[in-house]
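Colleague: One structure coming up, written as C-alpha cells, with questions to follow.
Derivation of every value follows stated rules applied to the coordinates shown; laboratory data play no part. Predicted model only: the values in this text are computed from it and were never measured. Here Cβ is always computed from backbone atoms with ideal geometry, including for glycine, and neighbour counts include all displayed protein chains.
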Amino acid sequence: MRAREPDETGYVNRDGVPIYWERFGDGSPTVLFMPTWSIVHSRCWKAQVPYFARHYRVVVFDPRGNGHSGRPAEPDAYAETEFAADAVAVMDATDTEQAVVVSWSKGAQRSLLLAAEHPERIPGAVFICPAVPLAGVSPERARYMGRFTERLETTAGWAKWNMHYWEHGYRDFVEFFMGKIFTERHSTKQIEDAVGWGLETDPSTLGATVLGPYIETREDVLDLCEQMSCPVLVVHGEEDAVRPVEIGRELAEVTGGEFVGLPGVGHAPHLRKPVLFNTLLKGFVEREARAPPVAAAPTGSKEGDSQ
Amino acid sequence: MSSPRRVLYMSSPIGLGHARRDVAIARELRALVPGVEIDWLAQHPVTRVLEAEGERVHPASRHLANESSHIESESAEHDLHCFQAWRRMDEILVANYMVFHDLVRQERYDLWIGDEAWEIDYYLHEHPTEKRAHYAWLTDFVGWLPMDDGGAHEAHLTADYNGEMVGHIAAHPDVRDCALFVGNPEDIVPDALGPDLPLIRDWTERNFDFAGYVTGFDAERFADRERLRAELGYRPDERVCIVTVGGSGVGEHLLRKVMAAFGEAKQRVPDLRMIVVAGPRIDPATLPQADGLQICLYVHDLYLHLAACDLAVVQGGLTTAMELTAAGRPFIYFPLAHHFEQNFHVHHRLERYGAGRRLDFETSEPEDIAAAIEEEIGREVSYRPVERDGARRAAERLAEVLA
C-alpha cells in the first residue's frame, strides 16, 4: 500500500502523448519532483512524497516512456526539451505558478532547461546525483558510452548498455543497472522496487529514450547554468557508481550552489538514505524557497464595522 | 523545581498485543517515576486501547500512515507473508519515521520507547545523529526467518535483514540505551540469524535484557474463575468457547471456518456457547449468523473473557496465546500461513510452555475443528507458569534509563 494517496491526478496531453501527474497536499511552496530517465517512474519519489506533502504541496509526473504516461516510439519524442515542456504543461495543469524543482540523475538535464528557460517559475533547484556532461564518467563505463547501437562482442558489465542486448537480455540489463545504482549493502528492497519499475516499460521504448536528443556538451551545461538564477543544492553519493561524485561537485560550483557529498552512499540517496535526504531537502526549502509569512491581518475593528 | 520527566511511547499497531503490554509497562513506570508524563505516538487499533485506558495520544499521531491497513491489504485468506508484507511497508515506515522526526524536534522528551517500532529503531541506527533522547527498544522476537517454500532467495533476504541489524547494533551500540526482550532466553528459537551470523539466542542474550513475559493484566483478577464467570454472565451449565483473531482484519477467514464448525460442535457438545469476537477491524454484520452463535464487535477486557472461558480458538499471535497460557485455559491455534513469527517464534514459545493445540487452517475441515473443540473444551491443563512481574521488571529497567 502507498503511504499516501494523491489528492488529485490527471493527464496533460502534448502532441498526442499523455503525461500522467499526481498532486499531494496544498501547502506552500510547491515541490515538483521531476522524472528521471524513463527506466523508472514517479514512484521513485515514494520516500519523499508523504513527508513533503505534509509540509508543502507536491507534484510528480510519470516520464513519457514509463508509468501511466504515453510511450511514443520515436527518439525525438524523448528529447530533453520535451521533458522540460512536459514539466511546464504539468505545472500549468496543476495551477502551479512556481515550484522548487527536485531532480535525480538524468532528470538534471530537463531541470536545467526548465530553470534556465523559466527562471521566474523556479525559486530553487535540487539535483541528486546529476547526470550531466561535466567531470566525466568512470573508465569502465566510458568504454561503452556512445556504442549503444553497435553490436558488441561482450555482454559483460556496462556492455549491457546496448540496444541489441536489450532485445533478449533486457531484464538482465535492468538488474545490472539497478545493482549499480544501489551499491550500498542491504539494498535488496530498493533494487527490487527499481527493477519492477524498469520492467514496466520495454526495451524498444527505453531504447528510444536513449537515442533522443539530450544535452551533450559541457558548454551547453555551462550556458544553461549561466541562465539560471535560483538557489541550488546538489546532493551526491560519494560512492556513486553510475555518475561520479565529481559531476555533482562541479555542477554546484558552476551554479554557485551548495554541495553535499554523502560518504558511503551510491546513486540514489533519496531512496537508500531517505531520512538524511529529506532532512537536507527540507532545510533547503525552508532556507531558500519558503514564501515569506503573510503579514498578520490587523486586529481590532474599525468604527462602524459592527453596524 | 525540576521539570517532569517526559516519555514518548511508540507501540506497534500490528496486533493489539503490544498496546496492552505497553499500557501495563507505562502504569508501572508511573509508579516508579512519580510525575512522569507519557505521550503516545500511535495509530489505530492501538489508539483504541489507549483511549479506553485514558492515555494521552499525541495529536501528531494523526499524521501516521496506517500499518494495519497495509498488512490487511497484503493478506489472503488465512495467509500473511509477514516478512514480505513488512518489507513492502518500507514507504509507510519512512513516512512514519518522518512524523517522529518532526515531533521530537518540536517537543523535548527524556526517553523514547519503541515497542517493535521498526522505523524508529532502523533509522536511528542508520543515522545515529538523529538521537536526541534516551532510547529503549522492546520486542518479543528477534530474527526474520524464511518460510520453507521461500527457497534460497527468501533465506538470503532474511539473512540480509538480520545481518543489517547485527551490523547496526555493532556499529552503534550507544543508540539503544536499553533493549528489552519480552520473554526469557528459553523462549528463543534455536535457529541462527543466517549463514555466518550468530545463533539468535546467543546474540539476543548478549544484546538484550530479559523482562520475562508481560501479560499486561493483573492475574489476581481471575484467581476466582467461578466468580469471574458469573461476573461476565457465563452460566455454570454452559461451556463457553471464544473465537477471536486479534486486532487486525486478517482473521476473517478463520472466523468463518470456525463458525462453519459450530453446528457439528454443538451436536458434540450440547452445552456449547460459542462467542465470536470480530475485533475492531472486521464488521460483524458481514459475518454469517446462526442460532446459538453470538457475534461481538471489539471486547475491551477480552483477556478476562479468555480467562473465564472453557476453550478458545485463536490465530497464532503471541499475545492472545500467552494470555490463555497465563490463565491456564485450553486453546486451539491456527498460525497464519507464511507468517514466520506465528509459525516459528510463537510456536516455539508455546511448546516450551506446553500450551495450546496447533491446527493447520488449510487442511482442517469444519468437522475436524468440531472434533478438536469437543476434545479440548474444559480440559484440565498443566502449563509452565507465566511470570506476573514482567511489566514491573520492564518498567524498572526503563526507570533506570530515565534516572
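Colleague: List the GluC sites (Glu not before Pro) in the stretch A:22-123 that DSSP assigns to loop (not H, G, I, E or B) and whose Cβ has at most 15 other Cβ atoms within 10 Å. Which are they?
Modeller: Of the GluC sites (Glu not before Pro), the ones in loops of the stretch A:22-123 whose Cβ has at most 15 other Cβ atoms within 10 Å are A:E97.
Colleague: Counting trypsin sites (Lys or Arg not before Pro) as exposed when in a DSSP loop with at most 11 other beta carbons within 10 Å, what is the longest stretch of chain A free of them?
Modeller: The segment A:1-150 is the longest one with no such site.
Colleague: Right, here's the next one. Between Rg and the Kirkwood Rh of the stretch B:265-395, both from Cα atoms, what is the Rg to Rh ratio?
Modeller: Here the Rg-to-Rh quotient is 0.96.
Colleague: From the P(r) of the stretch B:1-122, can you give the percent of Cα pairs sitting at distances over 17 Å?
Modeller: 57
Colleague: Near B:I369, within a Cβ-to-Cβ distance under 14 Å, what is the net charge of the other residues, with Lys and Arg +1 and Asp and Glu -1?
Modeller: Summing Lys/Arg as +1 and Asp/Glu as -1 gives -3.
Colleague: Another question, then. Starting from the 7 Å offset along Cα-to-Cβ, what nm value, one decimal, do you get for the label separation of B:N184 and B:A290?
Modeller: With each label point 7 Å from Cα toward Cβ, the separation is 3.9 nm.
Colleague: Could you run the Karplus curve 6.51 cos²θ - 1.76 cosθ + 1.60 with θ = phi - 60° over the stretch B:200-214 and give me ³J(HN,Hα) per residue in whole Hz, x for Gly and Pro?
Modeller: Rounded to whole hertz, the list is 4, 5, 4, 5, 5, 5, 6, 10, 10, 9, 10, 8, x, 6, 10.
Colleague: Continuing with this model, one more query. When Lys and Arg each count +1 and Asp and Glu each count -1, what net charge do the other residues less than 10 Å away from A:D7, Cβ to Cβ, add up to?
Modeller: Neighbourhood net charge equals -1.
Colleague: Name the residue, out of B:T319, B:T139, B:T363, whose mean-square fluctuation peaks in a Gaussian network model built on chain B with Cα pairs under 10 Å.
Modeller: Per the Cα network of chain B with a 10 Å cutoff, B:T363 tops the list.
Colleague: Using +1 at the C-beta of Lys and Arg and -1 at the C-beta of Asp and Glu, which of B:I275, B:A219, B:Q315 has the Cα lying farthest in the positive direction of the dipole of the stretch B:219-376?
Modeller: Ranked along the dipole, the leading option is B:A219.
Colleague: Let me ask something additional. Roughly what % of DSSP beta bridges within the protein assembly as shown run antiparallel, to the nearest 5?
Modeller: The antiparallel fraction comes to roughly 15 percent.
Colleague: Measure out, as a whole number of angstrom, how far apart the alpha-carbon centroids of the stretch A:139-156 and the stretch B:121-136 sit.
Modeller: 44
Colleague: Past the 25 Å Cα-Cα mark, which pairs from A:K180/A:K282; A:K106/A:K273; A:K106/A:K282; A:K106/B:K131; A:K106/A:K189; A:K46/A:K282?
Modeller: From A:K180/A:K282; A:K106/A:K273; A:K106/A:K282; A:K106/B:K131; A:K106/A:K189; A:K46/A:K282, over 25 Å: A:K180/A:K282; A:K106/B:K131.
Colleague: In addition: Count charges around A:D95 for me, please; just the other residues with Cβ under 15 Å from its Cβ, Lys/Arg as +1, Asp/Glu as -1.
Modeller: Net of charged neighbours comes to -3.
Colleague: Give me the inter-chain shielding for A:182-190: mean count of other chain Cβ atoms within 10 Å, whole number please.
Modeller: Going residue by residue through A:182-190 and averaging, the value is 3.
Colleague: While we're here: Read phi for every residue in the stretch B:256-267 and hand back ³J(HN,Hα) as whole Hz from Karplus 6.51 cos²θ - 1.76 cosθ + 1.60, θ = phi - 60°, with x for Gly and Pro.
Modeller: Values, residue by residue: 5, 5, 5, 5, 5, 8, 4, x, 5, 4, 5, 5 Hz.
Colleague: Pull out a ≥ b ≥ c, the square roots of the eigenvalues of the alpha-carbon gyration tensor of the stretch B:270-312, then state rounded if a/c is under 1.5, prolate if not and a/b is larger than b/c, and oblate in the remaining case.
Modeller: oblate
Colleague: Now a separate question. Amide H neighbours of A:E184 under 5 Å, counting only residues 5+ apart in sequence or on other chains, H built in-plane at 1.01 Å?
Modeller: A:G266
Colleague: Also: With the Cα gyration tensor of the protein assembly as shown giving a ≥ b ≥ c as the square roots of its eigenvalues, does the rule (a/c under 1.5 for rounded; else a/b larger than b/c for prolate; else oblate) give rounded, prolate or oblate?
Modeller: Note, shape of the protein assembly as shown comes out prolate.
Colleague: Skipping prolines and chain starts, which residues have an amide H placed within reach, meaning under 5 Å, of the one on B:C178, given they are 5 or more residues away or on another chain?
Modeller: Placed amide hydrogens put B:Y135, B:W137 under 5 Å from B:C178.
Colleague: List the residues whose amide H sits under 5 Å from the amide H of B:A65, counting only those 5 or more places along or on another chain, with H placed 1.01 Å from N in the peptide plane.
Modeller: The answer is B:N96.
Colleague: So, in nm, how far is label A:A135 from label B:E51 when the simple model puts each one 7 Å beyond its Cα toward the Cβ?
Modeller: So the label points at A:A135 and B:E51 sit 5.2 nm apart.
Colleague: With N residues in chain B, what two-decimal value do you get for its Cα radius of gyration over 2.2 N^0.38 Å?
Modeller: That works out to 0.97 for chain B.
Colleague: Can you put B:D196, B:D310 in order, fewest other beta carbons within 10 Å first?
Modeller: Placing the least packed residue first, the sequence is B:D196, B:D310.
Colleague: Which of rounded, prolate or oblate describes the stretch B:67-199 when judged by the alpha-carbon gyration tensor and an a/c cut-off of 1.5?
Modeller: oblate
Colleague: If you don't mind, there's one more thing I want to ask. Under the Karplus relation 6.51 cos²θ - 1.76 cosθ + 1.60, θ = phi - 60°, what is the ordered set of whole-Hz ³J(HN,Hα) values for the stretch B:127-132, x standing for Gly and Pro?
Modeller: 9, x, 5, 5, 6, 9
Colleague: Another question about this same structure. Can you compute the FRET efficiency between B:R132 and B:H153 using 1/(1 + (r/R0)^6), with r the Cβ-Cβ distance and R0 = 41 Å? Round to the nearest 0.05.
Modeller: Calculated transfer efficiency: 0.60.
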